[in-house]
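The values are calculated or read from the model by the stated rules, or taken from the named source; none is laboratory data. A quick note: this is a predicted structure, and the numbers were derived from the prediction, not measured. Cβ atoms come from the backbone with ideal geometry, glycine included; neighbour counts cover every protein chain shown. SASA here: full protein model, heavy atoms, side chains in, ligands and nucleic acids out. Shrake-Rupley method; radii C 1.70, N 1.55, O 1.52, S 1.80 Å.
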Amino acid sequence: MSSVTVSSAPVVTVRVSSSLNSFTAEKRLVRGLTLAELKCKLELVVGSPASCMDLKLFSVDNEFIQNLDQDDALLGSYPVDDGCRIHVIDKSGAQVGEFEDVSRVEKFELSSDAYDKRSDSVRSFLKKNKMGKFNEEEAAQKAEEQQRKLEEERLASESITVGSRCEVRAAGQPNKRGTVLYVGLTDFKPGHWVGVKYDEPLGKHDGRVEGKRYFECAPKYGAFVKPQLVVVGDFPEEDYGLDDEM
C-alpha cells in the first residue's frame, strides 16, 4: 500500500466513480462533511440512493486504502488528499449503466402555444429583435425574390420544346450538346427544369431521379439543368471520329 500524505486544506479535489456508471467525475469536497452528508451529495453524481451506498477510498496511484464506513465521521478524518478516488458501491439492486441510458428518461415536450408564451426562449428573442422569419420586411423580400426567380425559369422554359437540339452553357464548365427530353416541374426539387440527354456520357443518370423516371437515356447521359442554362438551336452532334478506320 502506498503512503498517503493528508493535506490540512479545508477543501479537497477527488475523483468519484461508481459501480453503476462507466464515467469518473471530479469533485471539490469540504473536509468538514460527515460521510452521511457526503453520500447525499454523491446521489446527484452517481444516481445511487445515499442509504444504499458503500464508499471505498483509493490513492492517487489507484491503490485501495480503506473503506469509508462511519457515517458520522468527518471526511477529513480519513487520509483523503487531492487526486484520490472515492468509489461508490451501489447496494440498491440497480443495473450497471441504468443511469446512463437516456432512452429511458421521460422526454419533456412543450406545446407550440406554451412555447410562444415563454419570455426566455429563442423564439421570443427572435420576435423581440425582429430577426429571422420574424423580420417581415426581410421575409417579404425573400418571398418576392423567390417568386421572381420562378417566373424567370417559367418564361425561359416556355421557349424550350422536347426533342430540340440544345447546348448547355454553365459558368466554369465546358459547353455540352444534347437533346431536350423533358421540360417542366419535378418532384426532386422546386422550380422548372430541363431534362437533357447529352451526346456524351457527361450526365449523372439515365433519366430517373429518386426513383421517378422523367425520360429515357443510357446511364450517365442524362442530366437536369435550369432553363436559363439551355440554348436551343442547330447544334448537330459533333463527330469525334470514333467510326473512322485506322
Check: With labels modelled as points extended 7 Å from the Cα through the Cβ direction, what inter-label distance (nm, one decimal) is found for Phe188 paired with Ser111?
Finding: 4.2 nm
Checklist line | Scattering curve values for the stretch 142-246, log₁₀ I(q)/I(0), Debye with Cα scatterers, q = 0.13, 0.17, 0.21 Å⁻¹ | finding: -0.49, -0.79, -1.11
Check: In the stretch 194-238, carbon and sulfur make up what percent of the accessible area (probe 1.4 Å)?
Finding: 50 percent
Notebook entry, point to check: Suppose R0 equals 51 Å; then what is the FRET efficiency for Glu138 and Glu63 from their Cβ-Cβ distance, rounded to the nearest 0.05?
Noted result: 0.20
Note to self: Strictly over 26 Å apart at the Cα level, which of Lys41/Lys117; Lys142/Lys197; Lys149/Lys176; Lys142/Lys226 would you flag in this model?
What the structure shows: Lys41/Lys117; Lys142/Lys197
Notebook entry, point to check: Magnitude of the Cβ-charge dipole of the stretch 164-246, K/R +1 and D/E -1, about the Cα centre, nearest 20 debye?
Noted result: 740 debye
Notebook entry, point to check: Within the stretch 191-212, whose backbone N sits under 19 Å from a point 7 Å along Cα→Cβ of Lys149?
Noted result: 191-195
Checklist line | Residue (of Ser51, Val14, Leu68) at the positive-pole extreme of the stretch 6-78, dipole from beta-carbon charges | finding: Val14
Next item on the list: Starting from the stretch 10-101, pick out the chymotrypsin sites (Phe, Trp or Tyr not before Pro) whose DSSP state is loop and whose Cβ has at most 13 other Cβ atoms within 10 Å.
Entry: Phe23
Margin query: If each residue of separation counts as 0.36 nm, what is the full-extension length gain between Gln70 and Val232 once their alpha-carbon separation is subtracted?
Written below: 49.2 nm
Item checked: Sequence ranges 211-218, 231-238, ranked by mean other-Cβ count within 10 angstrom, highest first -> 211-218, 231-238
